[in-house]
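Here's the structure, in structure tokens; my notes come after.
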Amino acid sequence: MNDFRTQPRKVPGKRIAFVLAVLIHVVLILLIVYGIHWQTKKTEVVAVDLVRAVPPAPTSAPEPKPAPQPEPEPKPQPKPQSEPKPVAKPEPVKPPPKPDIAQKEKPKPPPKPEPKPEPKAEPPKDPFKEQLERELMETEKRKTAEAAAREAAKELAALKAQQASAAQSNAMADYIAKIRGKVRGNIVLPADVKGNPEAIFEVTQLPSGEVLDVRLKKSSGNPAWDAATERAIRKSSPLPTPAQKELFSRTLELRFRPLEE
């Protein structure tokens, strides 16, 4: 009696695994066949009939009317041997004359008056524009007033300057006249002076009037008169001082003539 241990043992689930493997292979084969059939399937062609719009049939033109046939010329009738005498036409009856009735002229209607043009409505006034115009007018007036004030100020300044210049000129003339008067009081007139020659000297002085230098700027042509005038200038030191300090000049130009008062 064989021992059951010596017989080969059957592995459980072997048949099931085999069956599953076969099923998987069958499924794969079906998928491959279906995929190839799907790819090789021809696409259906859709046919579309293009119909051109047919133009409407032209309406029949009206038939031309037949031309009228010429009438046959009448045959000439034979002339009678004796022509009948023409029958006298009755005279037309004249209408009775109309009575003269004075037709009154109808009065003409009076001319229609021409329609008067309607007055145009004035556009509404702009308050901002009016205010701007007023401001411009005020600005122009202010500018005109300022210009007039400036002109007046200029004229006043020019007048004051003219007056100051005239006053300064008069003061300077008085100052020079005082110096010349003092110098002339110290001149000893030479006996050989002829005519009325003029000698011009440039005098340098201090603010106190002391003479520092006397230079003959232009000779009179008479040396005796020139020398006598120079001696008188030096002798007149100190010279008179001006009433206004601003009129003082360190250098003075003095002119002297023998016959001058």
Filtering the stretch 207-222 down to residues that are within 25 Å of P238 (Cβ to Cβ) and in contact (Cβ under 8 Å) with a residue 24 or more places away in the chain, which residue is least open to solvent (accessible area, probe 1.4 Å)?
G209
If I filter the stretch 178-197 down to residues being hydrophobic (A, V, I, L, M, F, W, C) and open to solvent by 60 Å² or more (accessible area, probe 1.4 Å), which single residue comes out as nearest to K235 (Cα to Cα)?
V188
In the stretch 232-247, how many are at pLDDT 90 or above and exposed (fewer than 15 other Cβ atoms within 10 Å of the Cβ)?
3
Which one is farthest from Y175 (Cα to Cα), of the residues in the stretch 193-232 that are in a loop (DSSP other than H, G, I, E, B) and polar (S, T, N, Q)?
N222
By residue number, the members of the stretch 233-261 that are touching a Phe, Trp or Tyr at 6+ places or on another chain (Cβ under 8 Å) and either among the small types (G, A, S) or assigned to a helix (DSSP H, G or I) (or both) are I233, A243, L247
Being among the basic types (K, R) and touching a helix residue (DSSP H, G or I) at 6+ places or on another chain (Cβ under 9 Å): is that true of R255 here?
yes
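The values are calculated or read from the model by the stated rules, or taken from the named source; none is laboratory data. Because the structure is predicted, anything quoted here is derived from the model rather than measured. Because the Cβ atoms are built from the backbone with ideal geometry, glycine has one as well, and the counts that use them run over all protein chains shown. Surface areas here come from the heavy atoms of the whole protein model, side chains and all, with no ligands, DNA or RNA. Shrake-Rupley method; radii C 1.70, N 1.55, O 1.52, S 1.80 Å.
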